[in-house]
Amino acid sequence: MVFHRAGENVAFFNNKGEAQMKRLIVIIIGSFFALNCPADTHYVTTNGSSINPYTTWETAGTSIIDVVNAAMTNTADRLVWVSNGTYYLTNQVSITNVLTLKSVNGHALTIVDGNNPPGKLVSNRCFFISAAAVLDGFTVQNGVGEGGGIRAYTDPIIQNCRITQNRSLNNGGGLNMTSRAILRNSIVDNNIAAARGGGLYGQDLSLINCTFVSNTCLANQGGGMRIDCPVDTTARLENVVSYFNQANGGSSSNFTFYTGAVGTGLYYIANCCIAPTSSFPGGGNRYYYTNNIQSNPQFIDKDAGNWRLQWASPCVNTGTNEDWMRNAVDLDGKTRLRYGTVDMGAYECIWGGSLYRFH
């Protein structure tokens with residue numbers, strides 16, 4: 001059984017005839033948006049007729065690259081909806097103007113694949129974002145480059161995503177994020193870099209309610225993340241879980257924070273589960289730490305990729321609430337402030353008697 005979400009409405013379908021029902025619900029959703037959204041809304045499906053400028057589901061493009069390029073020619077607000085499917089890239093998706101790229105049914109059903117099989121002569125990352133754009137609700141996988149999954153800077157927001165199985169020689173196997181970039185409500189897992197951050201490399205960024213797990217850095221420079229903090233910048237980590245990552249030598253398996261000559265900005269780390277907390281950089285007023293823990297987060301089944309929290313996890317009900325969480329949901333589409341205080345990581349723990357989606 002698969003859950004399909006449109007706004008707050010959820011429909012349930014049995015396996016029989018499910019493909020036809022999926023197509024029907026996409027058409028219904030498309031008709032709604034076509035009637036209620038401005039003309040600068042564009043659409044992507046795996047089986048569209050690909051008629052430029054792709055402004056209805058019937059004329060939707062099959063290439064995310066083509067549709068994003070068409071959307072960026074508009075001068076008003078730009079919105080691109082992407083329906084279910086796996087989209088194999090021939091190059092990176094470049095977003096250089098303000099734009100929202102959003103999946104209809106979430107990251108588990110909407111996959112962007114860098115399409116970099118072994119032996120490919122020219123490789124590419126999945127997304128390059130250099131504007132105050134929003135990327136919302138995708139699995140981003142199999143990209144190659146600095147920030148193999150996503151290279152993002154200049155006020156972008158990445159949310160409700162899974163960044164997995166990307167790779168880089170340097171500066172972030174999964175993501176490379178700088179210049180006021182925000183990552184929230186997301187999973188970063190099973191990425192690899194030769195140096196400087198297996199999961200993420202960052203400067204001047206915010207990480208909020210994210211989980212970093214099973215990432216690898218071949219050098220001893222942050223299996224989960226490597227964060228530098230130059231003067232006049234801020235590295236903000238809040239409600240983050242970074243655990244069970246690996247780095248050569250082991251001492252920086254989950255993180256490395258650079259503290260050299262350029263490391264004179266502000267490190268703000270609050271309500272995070274990152275081991276070992278004793279290795280956080282210190283000295284002077286450049287470092288603000290509060291309510292951080294280094295205990296095992298107690299995932300339901302780490303090896304099977306179920307990184308939801310057990311009810312006895314020390315990360316349950318120990319995060320910091322923020323205004324955006326009032327009507328927000330976690331990576332499973334479940335209410336964020338379910339029990340009054342947000343959990344650390346990408347998922348809220350659901351106590352006995354509740355059903356959650358698992359793909």
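In sequence order, the stretch 234-245 has phi-based couplings of 10, 9, 10, 10, 9, 6, 9, 10, 10, 8, 6, 8 Hz under the Karplus curve 6.51 cos²θ - 1.76 cosθ + 1.60, θ = phi - 60°, and Gly or Pro positions carry x.
Take the alpha carbon gyration tensor of the stretch 187-253, find the square roots of its eigenvalues, order them as a ≥ b ≥ c, and report rounded if a/c is under 1.5; if not, report prolate when a/b exceeds b/c, else oblate.
Working: a/c = 2.22, a/b = 1.33, b/c = 1.68.
Oblate shape, in that a/c is at least 1.5 and b/c is the bigger or equal ratio.
Just to verify a number: FRET efficiency for Asn285 and Asn317, C-beta to C-beta distance, R0 = 30 Å, to 0.05? All intermediate terms of the calculation are to be shown ahead of the outcome.
Working: r = 30 Å, r/R0 = 1.01.
Given R0 = 30 Å and the Cβ-Cβ separation, E is 0.50.
Rounded, prolate or oblate for the stretch 177-292? Axes are the square roots of the Cα gyration tensor eigenvalues, ordered a ≥ b ≥ c, and the cut-off for rounded is a/c under 1.5. Since a/c stays below 1.5, the shape of the stretch 177-292 is classed as rounded. The H on the amide N of Arg308, modeled in the peptide plane, is under 5 Å from the matching H of Ile300, Asp301, each at least 5 residues off or on a different chain.
The distance separating the Cα centre of the stretch 290-309 from that of the stretch 56-116 comes to 32 Å. Proximity of backbone amide H atoms, modeled 1.01 Å from N, is registered between Ile163 and Val140, Ile187, Val188, Asp189 at under 5 Å, excluding neighbours fewer than 5 places apart on the same chain. Converting phi to 3J(HN,Hα) with the Karplus coefficients 6.51, -1.76 and 1.60 and the offset θ = phi - 60°, the stretch 265-279 yields x, 10, 9, 10, 10, 9, 6, 10, 10, 9, 10, x, 5, 5, 9 Hz in sequence order, with x at every glycine or proline.
Bear in mind that the values in this text are calculations on the coordinates, not laboratory data. If you're wondering where the values come from, they're calculated on a predicted model, not measured in any experiment. Heads up, the Cβs are rebuilt from the backbone with ideal geometry, glycines too, and the neighbour counts pull from every protein chain shown.
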